[in-house]
Amino acid sequence: MGPTFSKPLAARETPIPGVLLFDLPVHGDNRGWFKENWQRAKMTAEGLADFGPVQNNISFNETAGTTRGIHAEPWDKFISVATGRVFGAWVDLREGPSFGAVFTAELDPSTAIFIPRGVGNAFQTLEDGTAYTYLVNDHWSADAQDQYVFLNLADETAAIAWPVPLSEAELSEKDRNHPRLADVTPLAPRKTLVVGADGQLGKALRSALADHASVEFASRDDLDLLGDLDGARQWAAYDTIINAAAYTAVDAAETPDGRAAAWAVNVAGVAALARVATAHRLTLVHISSDYVFDGSRHVHDEAEPFSPLGVYGQTKAAGDAIVATSPRHYILRTSWVIGEGNNFVRTMAGLAGRGVSPSVVDDQVGRLTFTEDLAAAILHLLATRAPFGTYNVTNDGDPQSWADIAADVYALCGRDRSDVTGVTTSEYFAGKAAAPRPLRSTLDLTKLKATGFLPAAAADRLAAYVTALTS
């Protein structure tokens with residue numbers, strides 16, 4: 001009887017970013033061996049992306065020296081050998097600084113390698129009867145080959161040292177005729193889709209991402225969140241959805257028509273986006289609101305339970321709960337948003353310019369959020385791959401009432417601060433149809449700052465904003 005043996009799982013990085021080489025867990029005795037070829041929990045703990053495989057393919061090769069590749073496909077692959085041995089070669093064919101990087105290794109049934117989308121894969125069998133297996137996260141079809149990027153096996157720049165010279169190897173005529181590296185068009189990165197691109201935040205994102213060719217912007221006319229969202233895009237080509245669309249008419253949401261519209265956009269539409277994001281392993285960025293709270297606490301952190309007062313807040317809370325079920329999500333909870341378009345600061349500056357002395361609510365307290373900083377926070381969380389979850393995002397500084405902010409605007413416009421009169425919320429809305437509002441909207445920024453993002457002071461952004469309006 002032969003000895004028993006066991007080999008633990010181990011992962012090794014390679015010169016190509018995202019490519020991981022694995023020593024697989026193998027357990028054996030006198031009868032043979034058992035291999036844990038794919039074990040999600042253990043492998044993600046070792047640093048493998050949770051890439052969501054949906055199909056398993058096998059390439060059987062009759063004789064030693066059979067050579068296939070170099071093919072870069074538009075999906076991720078976990079590659080292993082079922083029987084036999086191969087010499088594997090991988091070339092980075094993605095757009096970016098690592099384009100052209102090469103890695104080679106010998107694979108047998110005790111090893112495996114993870115190859116991300118856009119990295120060219122090739123192998124040469126070292127034994128007869130070799131079976132090469134692929135676990136992939138998209139469904140193969142003949143049409144999908146139009147999205148491949150190919151590189152010639154004999155490319156001089158890659159300079160792969162094939163064990164069996166290509167002149168003696170078994171390979172297809174098609175593989176012999178693929179282009180050299182200098183003639184290869186790199187595979188572009190997956191795209192980001194900004195939904196609600198014509199709103200205040202959408203416009204800020206357009207500005208921040210103006211030089212990014214891999215970003216698409218969709219207005220309401222371009223993408224119907226309540227239509228056939230599954231078929232609206234080739235979602236495999238995307239990596240991220242930023243949802244800047246929302247129904248924000250707080251008072252109108254209390255009417256029968258407004259209530260239906262708010263639930264449609266803020267809940268049903270969000271549910272459709274979350275379903276797509278989950279099905280296609282996309283990162284979903286969603287914008288939330290201080291209105292999910294009742295304002296009974298002086299400062300709100302991310303863990304506070306929902307307690308919305310009105311319909312708008314209820315729909316935003318429901319949307320947050322839905323987005324939180326998508327594995328890759330960022331919920332950015334914000335307040336008092338100011339950007340390009342109609343907003344409180346622009347209204348106050350207009351009143352100041354016309355000589356009006358307004359009455360402004362002085363018992364609602366919070367912080368302004370300027371869209372340039374909200375957009376920057378989104379891009380920061382994505383770029384740094386901060387842990388998924390909910391983050392409060394506003395500008396920094398001491399909390400203020402709406403009346404305090406109005407007085408600041410008046411002073412910046414050359415008017416006297418005393419031209420603004422403070423009134424309570426109940427006094428201001430007396431006799432008016434209005435939604436209930438949280439009186440305390442200050443959001444705790446500790447979690448956001450821990451990621452390395454430090455929001456600008458609201459006072460500084462306000463001064464710049466009013467100067468731009470009045471200059």
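For the stretch 446-471, give me each residue that is among the aliphatic types (A, V, I, L, M) and more than 19 Å from S401 (Cβ to Cβ).
Of the stretch 446-471, the ones among the aliphatic types (A, V, I, L, M) are 448, 450, 454, 456-459, 462-464, 466, 468-469.
L448, A450, L454, A456, A464, A468, L469, listed by residue number.
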>> With open to solvent by less than 40 Å² (accessible area, probe 1.4 Å), β-branched (V, I, T), more than 26 Å from A182 (Cβ to Cβ) and under 30 Å from the mean Cα position of the chain (by Cα) as the only criterion, which of V136, V119 stands out?
In response: V136
> Take the residues of the stretch 395-440 that are surrounded by 13 or more Cβ atoms within 10 Å (Cβ to Cβ), out of contact with any helix residue (DSSP H, G or I) (no Cβ under 7 Å at 6 or more places or on another chain) and among the charged types (D, E, K, R): which is farthest from H298 (Cα to Cα)?
Replying inline: D404
> Can you name the residue in the stretch 206-230 that is in a loop (DSSP other than H, G, I, E, B) and of a type in the set (S, T, Y) and, of all such residues, is least open to solvent (accessible area, probe 1.4 Å)?
Replying inline: S219
>> Criterion first (surrounded by 18 or more Cβ atoms within 10 Å (Cβ to Cβ), within 30 Å of T278 (Cβ to Cβ) and among the hydroxyl-bearing types (S, T, Y)) does S80 satisfy it?
In response: yes
> List pairs: first in the stretch 442-457 and of a type in the set (V, I, T), second in a loop (DSSP other than H, G, I, E, B), Cβ under 6 Å, 6+ apart or cross-chain?
Replying inline: T442/V299; T442/P399; T451/A386
> Which one of R275, R297, R281 is under 22 Å from the mean Cα position of the chain (by Cα) and either more than 28 Å from A236 (Cβ to Cβ) or assigned to a loop (DSSP other than H, G, I, E, B) (or both)?
Replying inline: R281
>> Quick test for you: out of A72, A131, pick the one residue that is out of contact with any Phe, Trp or Tyr (no Cβ under 6 Å at 6 or more places or on another chain) and on the phi < 0 side of the Ramachandran plot.
In response: A72
> Could you count how many residues in the stretch 345-362 are open to solvent by less than 50 Å² (accessible area, probe 1.4 Å) and in contact (Cβ under 8 Å) with a residue 12 or more places away in the chain?
Replying inline: 7
> Which members of the stretch 142-182 meet the condition of being without any contact (Cβ under 8 Å) to a residue 40 or more places away in the chain, among the aliphatic types (A, V, I, L, M) and either surrounded by 14 or more Cβ atoms within 10 Å (Cβ to Cβ) or not in a helix (DSSP H, G or I) (or both)?
Replying inline: A154
> Hey, A279 hits all of (1) touching a Ser or Thr at 6+ places or on another chain (Cβ under 9 Å); (2) under 24 Å from T384 (Cα atoms) but one; which does it fall short on?
Replying inline: (1)
>> Here is a check on your reading of the model: is S110 modelled with pLDDT under 95 and polar (S, T, N, Q)?
In response: yes
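Each row is one residue, and each column tells you yes or no for (1) in contact with a Pro (Cβ under 8 Å, 6 or more places away or on another chain); (2) of a type in the set (V, I, T); (3) within 13 Å of L21 (Cβ to Cβ).
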| position | (1), (2), (3) |
| --- | --- |
| D76 | yes, no, no |
| E95 | yes, no, no |
| A105 | no, no, yes |
| V119 | no, yes, yes |
| T133 | no, yes, no |
>> Return the pair list, or none, for Cβ contacts closer than 7 Å from residues in the stretch 11-29 that are polar (S, T, N, Q) and open to solvent by 30 Å² or more (accessible area, probe 1.4 Å) to residues that are modelled with pLDDT of 95 or more and in a strand (DSSP E or B), at least 6 apart or on different chains.
In response: none
> Limited to the stretch 102-115, what total is found for residues that are within 26 Å of the chain's Cα centre (by Cα) and surrounded by fewer than 19 Cβ atoms within 10 Å (Cβ to Cβ)?
Replying inline: 0
> Using beta carbons and a limit of 6 Å, which pairs, at least six apart or on different chains, have the first residue in the stretch 42-67 and more than 14 Å from R85 (Cα to Cα) and the second one open to solvent by less than 50 Å² (accessible area, probe 1.4 Å) and aromatic (F, W, Y)?
Replying inline: L48/F114; N57/Y134
> Quick one: how many residues across the stretch 454-471 are crowded, with 20+ Cβ neighbours inside 10 Å and either assigned to a loop (DSSP other than H, G, I, E, B) or not β-branched (V, I, T) (or both)?
Replying inline: 5
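The values are calculated or read from the model by the stated rules, or taken from the named source; none is laboratory data. Since we're looking at a predicted model, the values are computed, not measured. Please note: Cβ atoms are built from the backbone with ideal geometry, for glycine as well, and neighbour counts cover all protein chains shown. For the accessible areas, the whole protein counts, side chains as well, though only heavy atoms, and no ligand, DNA or RNA atoms are used. Shrake-Rupley method; radii C 1.70, N 1.55, O 1.52, S 1.80 Å.
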